[in-house]
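The values are calculated or read from the model by the stated rules, or taken from the named source; none is laboratory data. What you are looking at is a predicted structure, and each value in this text was computed from that prediction instead of being measured. With ideal geometry, Cβ positions are generated from the backbone for all residues, glycine too; neighbour counts draw on all protein chains shown.
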Amino acid sequence: MRFNRSVPPCAVIPVLIYPDPSAAADWLSKAFGFTTRLRIANHRIQMKAGEGCFTIAEGNVTPNNSHIVQVRIEDAMGHCQRARQHGATILTEPKDQPYGERQYNAQDFHGHRWDFTETISDVAPEEWSGGTFHLE
C-alpha cells in the first residue's frame, strides 16, 4: 500500500462542514484538545484526534445529527470539564458503561455531536450481553 504525506494514514476520515474552518479548528483545539495536521488554504483543515483524524471543510451545511464522531481519550472527566469551560454543550455527563468504557457526549459550537470514550477496564463482550465476531 502506498502512503501520501498529504493525506492522514487513518482508514476512515470523517469530513465535517463548518462555515469558517479556521475558527472551527481553533475552537476544537481549545475545547477538545485536537491538533492541526495540515491546512489547505483557508477552506480545508486536517485535524488529529488521538490516533485518529478528521477533516474540516468549508461550507454552509447545517449539521442534522445523523452522525456522531466518536473519539478515544484518556481522561473523560477532565476532558469533559475542559470542553464545558470552552463552551461545548454537554449532552450527557461522563458515565461508566458495563462494557468497560467511560463516555460522555457533547455538541460543539456549530452543532456537530461528539462521543468521547475512555477505556476503564477490559470486559469480554459476553459479560455484558455482547458477542465477538471473527472475520476471515
| message | Contact list please: Cβ distance under 9 Å, first residue in segment 1-18 and within 15 Å of Ala57 (Cα to Cα) and in contact (Cβ under 8 Å) with a residue 24 or more places away in the chain, second residue of a type in the set (Asp, Glu) and part of a strand (DSSP E or B), pairs at least six apart or on different chains. | response | Ile17/Glu58; Tyr18/Glu58
| task | Would you point out the residue of segment 103-136, among those that are at pLDDT 95 or above and among the small types (Gly, Ala, Ser), that is farthest from the chain's Cα centre (by Cα)? | result | Gly111
| Right, Ala57: closer than 23 Å to Ala23 by Cα and assigned to a helix (DSSP H, G or I) or not? | no
| message | Suppose the filter is of a type in the set (Ser, Thr, Tyr), over 30 Å from Ser121 (Cβ atoms) and either touching a Pro at 6+ places or on another chain (Cβ under 8 Å) or surrounded by 15 or more Cβ atoms within 10 Å (Cβ to Cβ) (or both); does Thr62 pass it? | response | no
| query | Just one of the numbered conditions (1) surrounded by 13 or more Cβ atoms within 10 Å (Cβ to Cβ); (2) of a type outside the set (Ser, Thr, Tyr); (3) part of a loop (DSSP other than H, G, I, E, B) is not true of Trp27; which one? | reply | (3)
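Based on what the data block shows, is Ala49 touching a residue at least 24 places away in the same chain (Cβ under 8 Å) and surrounded by 12 or more Cβ atoms within 10 Å (Cβ to Cβ)?
Values: touching a residue at least 24 places away in the same chain (Cβ under 8 Å): no; surrounded by 12 or more Cβ atoms within 10 Å (Cβ to Cβ): yes.
No, not satisfied.
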| field | Tabulated pairs, segment 33-45, first modelled with pLDDT under 95, second surrounded by 15 or more Cβ atoms within 10 Å (Cβ to Cβ) and part of a loop (DSSP other than H, G, I, E, B), C-beta under 9 angstrom, 6+ apart or interchain | value | Arg37/Pro8; Leu38/Pro8
| Out of all the residues in segment 79-136, which are touching a residue at least 24 places away in the same chain (Cβ under 8 Å), assigned to a helix (DSSP H, G or I) and surrounded by 13 or more Cβ atoms within 10 Å (Cβ to Cβ)? | His79, Cys80, Arg82, Ala83
| said: Can you find, within segment 1-56, the residue that is farthest from Gly87 (Cα to Cα) among those that are among the small types (Gly, Ala, Ser) and within 11 Å of the chain's Cα centre (by Cα)? | reply: Gly52
